[in-house]
1. Springs between alpha-carbon atoms under 10 Å, Gaussian network over the chain: tell me which of Leu86, Leu199, Leu318 tops the mean-square fluctuations.
2. Rank Ile260, Ile127, Ile304 by mean-square fluctuation in a GNM of the chain with C-alpha springs under 10 angstrom and give only the top-ranked residue.
3. Using a probe of 1.4 angstrom, how much of the accessible area of the chain is carbon and sulfur, in percent?
4. Compute the Cα gyration tensor for the chain, then decide on rounded, prolate or oblate, letting a ≥ b ≥ c be the square roots of its eigenvalues: rounded whenever a/c is under 1.5, prolate when a/b is larger than b/c in the other cases, and oblate in all that remain.
5. Skip the ligands, DNA and RNA, and give the accessible area per residue of region 9-71 with a 1.4 Å probe, whole Å².
6. Assigning unit charges at the beta carbon (Lys, Arg +1; Asp, Glu -1) and nothing else, what dipole magnitude in debye, to the nearest 20, does region 193-299 show about its Cα centre?
7. Taking 8 Å as the Cα distance limit and 6 or more residues as the minimum spacing, I'd like the relative contact order of region 66-201 as a percentage.
8. Let's see if you can work this out: charge +1 on each Lys and Arg Cβ, -1 on each Asp and Glu Cβ, no other charges. What is the dipole magnitude of the chain about its Cα centre, in debye to the nearest 20?
Amino acid sequence: MAAQRNFPASLTLNGGLIAAALALAIWSLTVGYVPLPPHAIFDALIGHGPAKIVTIVWELRAPRIILAYAVGFAMGLAGAVLQGLLRNPLAEPGVVGVTSSASLGAVIAIYFGLSVTVPLALPLAGIAGAAVATAILLLVAQRGASPLTLILCGIAINGMAVSLVSLAMNLSPNPWAISEIAFWLMGSVRDRSLADVALAVPMIALGSLVLVPVAPALDALSLGEDAAESLGFPIARVRLLAIVGTSLAVGGATAVAGGISFVGLVVPHLLRPLVGHLPSRLMLPSALGGGLMLVAADMAIRAIATGPELGLGVVTALIGTPVFLYLIFQTRQEMR
């Protein structure tokens, strides 16, 4: 009966997040260095109107909005899954080292000049970096590693990736490469094309599908691993699916957008009270909320339109840090 009572509430929440994302995406198409009225946006979407406006909508703004939503979707979903899997409210995509490893792959492509000479070298190198981190995590998970061991392994991968990125910046003789690496690490969906969408979205979609069977096990894991095993959930298989799914989704997102922080950490915390604190019901709202948050952040960046464009990861950190501190203080007050 509780599940039946919560179903309409979950449907309303998810429907509201989808409706808000659609409205924000349409609004976001009008915002930028060249403001466009809604009727011009509509004409451009169906292929009519001036060629310049059609180009702005289809080649500049639409890919940017789609990628922002897809990246936020991946980060929010991965954060909800990892927090449930590791039973740690501070878990987020960066905790398993996939984000930093994907960034390292992209940095290597920039350092050796492949991003200039080879089309799509940057996202492909990012995906390769995420694949290396995933392979290491799978090797550890297959040996029956505990959640703490997976966290420590992720910290080690993250530390190594960050160190190698710093080494590349330190040794780079090319100031342009250093600037490009720094810009990449700040995260952005600027100047992304439909080719980037075609590369990232399938990986994010595949990773999301891999994570679907994990949902019931996350509820059981909240009772402890022994209880989950007694309920018939193979914990080793659940870990493998969670690692593969989050790595695919986050790797695809980071490969095209760079380092985006705090989305996978903050969004699940904001939405958890609205779903009855059940990890399985948190997954979809967190994904939808992550996409909504990133589209809003990117629209704010374009609305400012003065001076150098801010990094998307910088904006999410500026938004996420005070929100997360507020949530911590609120939780402490409720525990008293």
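The values are calculated or read from the model by the stated rules, or taken from the named source; none is laboratory data. Nothing here was measured: the structure is a model prediction, and the numbers come from that model. Note that we place each Cβ from the backbone using ideal geometry, even for glycine, and neighbour counts take in every protein chain shown. Side chains are part of the model used for accessible areas, which takes the heavy atoms of the whole protein and leaves out ligands, DNA and RNA. Shrake-Rupley method; radii C 1.70, N 1.55, O 1.52, S 1.80 Å.
1. Leu318
2. Ile304
3. 72 percent
4. Oblate.
5. In whole numbers, region 9-71 has 53 Å² accessible per residue.
6. In debye, rounded to 20, region 193-299 gives about 80.
7. Contact order relative to length: 31 percent.
8. Rounded to the nearest 20 debye, it is 300 debye.
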